[in-house]
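Accompanying notes for the structure given below.
The values are calculated or read from the model by the stated rules, or taken from the named source; none is laboratory data. Remember, predicted model here, so these are calculated numbers, not experimental data. Every residue, glycine as well, gets a Cβ built from its backbone with ideal geometry; the counts of neighbours run over all protein chains shown. Note: accessible area is taken over every heavy atom of the protein model, side chains too, but ligands, DNA and RNA are not part of it. Shrake-Rupley method; radii C 1.70, N 1.55, O 1.52, S 1.80 Å.
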Amino acid sequence: MPSHPTLTLTKPAVMQWLAARGWQPFAFQQEVWGAVGAGHSGLLHATTGSGKTYAVWLGVLQAMMDASQQGGDGAQAPALTPVLSQREREQVSLPSVREQSAMRRKAPPLTALWLTPMRALASDTTKALSEPLNALLPAATIGQRTGDTPGAERARQDRRFPTVLVTTPESLSLMIARDQALEELASVQYVVVDEWHELIGSKRGVQVQLALARLRKFNPRLIVWGLSATLGNLQEAMEVLCRPVPSTQASMPVPAPVLVQGRIDKTLIIDTLIPPDPGNYSWTGHLGKRMQQPVIDEIAKSGTTLVFTNVRSQAEIWYQLLLEAKPEWAGEIALHHGSLDRSVREWVERGLKDGTLRAVVATSSLDLGVDFLPVERVLQIGSAKGVARIVQRAGRSGHAPGRASRLTLVPTNTMELIEAAAVRRAAYAGRVEKRESPDRPMDVLVQHIVTVALGGGFKPAALYAEVKTAWAYRKLTREEFNWALAFCERGGESLTAYPDYHRIQADEKGFYRVPDRGIARRHRLGIGTIVSDASMQIKFLSGARIGTMEEAFISRLRKGDCFFFAGRLLEFIRVQDMNAYVKKSIKKSGTVPTWQGSKMALSPEMGQAVLELMQRASKGDYLGPELVAARPMLQTQARLSRIPTPRTLLVETYTSREGHHLYLYPFAGRHVHLGLASLFAWRLARERPSTFSMSVNDYGFELMAAQPFDISAVTGKEVFSTEGLLADVLASLNSSELAQRRFREIARVAGLVFTGYPGQPKSTRQLQASSGLFFEVFRKYDSSNLLLGQADREVLSQELDIGRLADSLKTMRVKKLELVALAHPSPMSLPLMVERFREQLSTETLAARLERILADANA
């Protein structure tokens with residue numbers, strides 16, 4: 001492999017290219033250029049809009065220029081000033097079109113890969129990389145390869161890959177699964193992983209780790225760089241990405257990875273849109289409609305504005321609220337979320353770039369990477385529940401060095417006023433959440449084993465050593481690897497009789513390959529299932545596509561039912577061939593679709609920051625507009641009960657016509673509170689049988705029973721014990737049902753369930769039935785199957801967050817417990833009541849019930 005020369009000086013051509021745009025490099029950019037030139041991998045962490053892309057890309061490009069000038073692959077690149085105008089073209093001698101065409105025929109082989117987490121970012125990224133590449137290294141070529149790449153372009157790439165390829169984790173895995181993977185990918189010297197913070201905590205991030213381990217096998221001196229804007233555990237994040245090949249496998253020492261933090265003077269403004277008279281009580285969404293006019297006023301006096309919501313259903317609602325109040329804005333405002341058809345999303349993105357849209361209501365689909373320079377303002381509807389998400393979304397405005405980023409929080413209840421002040425303090429202090437890699441997901445490993453078998457084959461000992469170089473599998477035992485190998489070879493203990501699950505086979509030399517073309521095709525089609533959802537296409541009767549919707553929602557609709565989607569009121573007609581056909585409705589109302597996994601949980605950093613502010617309020621310190629606005633609610637809480645603080649655990653009891661209520665407020669987030677509520681109900685009922693109803697939110701949880709129950713185990717803190725925690729948590733929940741739900745995804749990723757050929761997708765019901773069958777078969781006849789163990793681990797780590805649950809119990813045990821018997825519901829307990837009422841009462845009945853409760857409390 002060619003060695004990487006040390007880059008000691010920024011090349012004059014690069015400085016000329018920057019100067020032609022009126023740019024000067026920042027110190028951190030030059031630091032990255034030097035590190036790349038010296039052969040270092042690393043992680044660049046810098047604020048959004050600070051120039052991260054060119055910090056890494058110009059470093060890679062200069063190293064590629066050095067290689068070409070020192071006799072590496074490709075034609076020597078002249079030092080050229082970029083051409084921005086005809087005048088500049090006349091002043092600088094550029095290669096002619098014919099000369100450029102000849103140079104491209106002799107283009108270097110595939111040398112650099114740029115991985116993006118979203119296909120939507122590929123085009124913008126390719127454009128950004130192309131400008132300096134074409135000017136400084138015209139012999140090189142660039143292309144993109146994602147699920148959206150046309151077949152003709154893929155065919156051209158199949159004949160010869162470009163020098164630089166912008167792609168996604170799934171497409172890279174498909175490249176590794178090609179027969180000629182070694183010949184095509186051995187020339188790769190640089191890999192850049194964009195938005196690493198979005199990938200590291202997911203199975204897609206593990207897919208990247210395994211792909212990098214494969215590429216390092218081809219080239220032990222591979223240089224890998226990650227880009228990130230919002231991470232709290234930078235050193236670990238870098239080690240996960242840049243885990244080097246062990247010295248025993250590398251012919252030469254590999255330079256240690258470096259962490260570069262781009263500190264530039266960029267103003268971050270986080271403020272809050274204060275609601276008029278938020279009141280003494282609050283519950284989820286009770287301020288939402290009242291914030292309609294203030295939001296419209298802010299949009300009217302600002303330039304292009306992004307209005308972020310946390311979930312797609314909320315985006316649909318707010319788009320309708322804006323149009324309802326300002327029908328003359330039709331055509332000037334738009335909606336953007338991941339379920340809309342790609343053509344719709346691209347139209348919205350073009351409008352943002354061109355500055356032709358007044359506002360766009362969006363979800364996380366616009367969180368990442370794409371530069372919308374005209375965006376002046378960001379509004380966040382409701383709490384974003386995390387510091388990193390706020391910082392990321394704020395960076396969508398002023399997305400250029402030297403421009404301020406401004407985000408305004410729009411609370412939908414009074415507690416979110418306190419969250420707004422807390423997130424601002426945490427963001428300014430740099431208290432960003434950690435993101436950690438999954439540990440040994442066996443479904444991803446099974447998929448990768450078949451992928452490598454397709455891509456030229458492997459010997460078990462060599463592949464085991466290679467896989468262990470990936471951070472997620474650093475603790476993988478040989479027994480676990482052998483199980484995965486056997487599962488791919490013969491389907492484990494229970495599928496041996498079925499040839500479709502004999503996916504790999506050893507040849508006479510001991511190389512494992514995929515012997516069946518049908519199995520190979522199904523596997524390649526299934527590589528993208530890590531990110532796929534069970535959904536249906538929404539189409540007009542004419543066949544025009546609108547977007548996708550989860551099948552669970554569509555299955556509940558009857559002909560004539562109306563729902564809001566893509567900013568329209570649609571009438572459901574029928575389902576045919578996994579397509580839901582609709583027409584525009586002439587009615588005035590309809591339902592709003594809900595998507596699974598809609599509710600985000602409060603992060604640990606946010607929970608602590610909120611408690612710190614509430615402690616200040618408990619001492620009479622209401623400094624700041626948010627606390628001033630929340631003061632009536634907090635004073636009511638103090639009058640009827642106590643205000644929670646970081647050092648105290650508030651426990652409230654209340655007796656109503658429904659029964660006997662117990663409230664606790666750990667501020668650990670709704671996922672942890674679900675586990676705590678189930679655990680406490682189980683432990684209290686174990687001492688004295690009782691049936692509990694439960695309700696949870698981000699601040700606490702409620703247990704309610706029809707008959708009085710003994711809470712001495714709570715006041716005595718025995719219920720907070722971590723002894724026997726795992727067994728008690730599993731016993732307190734329907735853990736088998738939760739595990740079976742997790743197993744659906746595991747079965748897809750591991751290739752047990754085939755989602756169907758293009759144009760012939762299987763329905764969600766078919767997939768659930770298939771995965772459910774495997775789950776039951778493995779439980780009965782293959783109980784040691786590691787995929788079952790993975791399902792149990794994912795329930796504990798992802799759905800219940802067992803680590804945080806244990807930490808919360810320890811924290812609650814050492815806090816001072818403050819027990820309050822309520823005469824009336826407190827402002828903290830009422831939202832938990834409302835959560836339970838919403839499942840039982842109609843909207844009108846709920847409103848009447850709340851009116852009566854509030855009247856009693858204020859009497």
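Taken over the stretch 496-505, the criterion of being open to solvent by less than 70 Å² (accessible area, probe 1.4 Å), in contact (Cβ under 8 Å) with a residue 12 or more places away in the chain and of a type outside the set (D, E, K, R) is satisfied by Y501, H502, I504.
When the residues of the stretch 7-38 are filtered to those that are within 25 Å of R216 (Cα to Cα) and of a type in the set (A, V, I, L, M, F, W, C), which remaining residue is most open to solvent (accessible area, probe 1.4 Å)? Filtering first and then ranking leaves A38. Residues that are open to solvent by 20 Å² or more (accessible area, probe 1.4 Å) and touching a strand residue (DSSP E or B) at 6+ places or on another chain (Cβ under 8 Å) were ranked within the stretch 39-59; the one that is nearest to H197 (Cα to Cα) is H45. Reported count of residues in the stretch 633-653, each being assigned to a helix (DSSP H, G or I) and either of a type in the set (F, W, Y) or surrounded by 17 or more Cβ atoms within 10 Å (Cβ to Cβ) (or both), is 5. Restricting attention to the stretch 680-690, does a residue exist that is farther than 24 Å from E718 by Cβ, buried (at least 17 other Cβ atoms within 10 Å of the Cβ) and not hydroxyl-bearing (S, T, Y)? No, because not a single residue in the stretch 680-690 is farther than 24 Å from E718 by Cβ, buried (at least 17 other Cβ atoms within 10 Å of the Cβ) and not hydroxyl-bearing (S, T, Y). Scanning the stretch 335-361 for residues that are within 15 Å of the chain's Cα centre (by Cα) and at pLDDT 85 or above turns up just one, H337. Restricting the stretch 464-476 to residues that are in contact (Cβ under 8 Å) with a residue 24 or more places away in the chain and not in a loop (DSSP other than H, G, I, E, B) leaves a set whose member that is nearest to L241 (Cα to Cα) is W471. Just one of (1) open to solvent by 20 Å² or more (accessible area, probe 1.4 Å); (2) closer than 20 Å to Y54 by Cα fails for F218. It is (2). When the residues of the stretch 583-615 are filtered to those that are among the charged types (D, E, K, R) and within 27 Å of the chain's Cα centre (by Cα), which remaining residue is modelled with the highest pLDDT? In this case the residue turns out to be E605. The single residue among Q790, Q768, Q798 that is modelled with pLDDT of 85 or more and under 28 Å from the mean Cα position of the chain (by Cα) turns out to be Q790. Looking across the stretch 517-555, the residues that are modelled with pLDDT of 80 or more and assigned to a loop (DSSP other than H, G, I, E, B) come down to L541, S542, G543, A544. Of all residues in the stretch 654-683, which are under 29 Å from the mean Cα position of the chain (by Cα) and in a loop (DSSP other than H, G, I, E, B)? Once the filter is applied, which keeps residues that are under 29 Å from the mean Cα position of the chain (by Cα) and in a loop (DSSP other than H, G, I, E, B), the stretch 654-683 yields Y665, P666, F667, A668, G669.
Could you look through the stretch 232-259, keep only residues that are at pLDDT 85 or above and part of a loop (DSSP other than H, G, I, E, B), and pick out the one that is farthest from A38 (Cα to Cα)? Once the filter is applied, the top-ranked residue is G232. Could you check the stretch 198-215 and list, in sequence order, the residues that are under 21 Å from W57 (Cβ atoms) and open to solvent by 10 Å² or more (accessible area, probe 1.4 Å)? Listed by number, the list holds a single entry, E198. Note on the stretch 424-456: residues that are over 30 Å from A791 (Cβ atoms) and in contact with a Lys or Arg (Cβ under 9 Å, 6 or more places away or on another chain) total 3.
Do we find a residue being open to solvent by 40 Å² or more (accessible area, probe 1.4 Å) and within 27 Å of the chain's Cα centre (by Cα) anywhere in the stretch 190-197? No; the residues of the stretch 190-197 include none that is open to solvent by 40 Å² or more (accessible area, probe 1.4 Å) and within 27 Å of the chain's Cα centre (by Cα). The C-beta contact set for the stretch 818-833 (first residue under 9 Å from Y281 (Cα atoms) and free of Cβ contacts under 8 Å to residues at least 24 places away in the same chain, second residue assigned to a loop (DSSP other than H, G, I, E, B) and hydroxyl-bearing (S, T, Y), distance under 9 angstrom, 6+ apart or interchain) is empty.
If you go through the stretch 191-231 and keep only what is of a type in the set (S, T, N, Q) and in a loop (DSSP other than H, G, I, E, B), you end up with S202, N219, T230. When residues in the stretch 258-272 are screened for being open to solvent by less than 20 Å² (accessible area, probe 1.4 Å) and under 20 Å from L407 (Cα atoms), 1 of them pass.
Taking each residue of the stretch 315-328 that is at positive phi and open to solvent by less than 40 Å² (accessible area, probe 1.4 Å) and looking for partners that are assigned to a helix (DSSP H, G or I) and at pLDDT below 95 with beta-carbon atoms closer than 9 Å, six or more apart or interchain, yields nothing.
Here P117 clears all of (1) farther than 20 Å from Q189 by Cβ; (2) at pLDDT 95 or above except the condition numbered (2).
Report, by residue number, each residue of the stretch 606-622 that is small (G, A, S) and either in contact (Cβ under 8 Å) with a residue 60 or more places away in the chain or at negative phi (or both). Of everything in the stretch 606-622, those that are small (G, A, S) and either in contact (Cβ under 8 Å) with a residue 60 or more places away in the chain or at negative phi (or both) turn out to be G607, A609, A617, S618.
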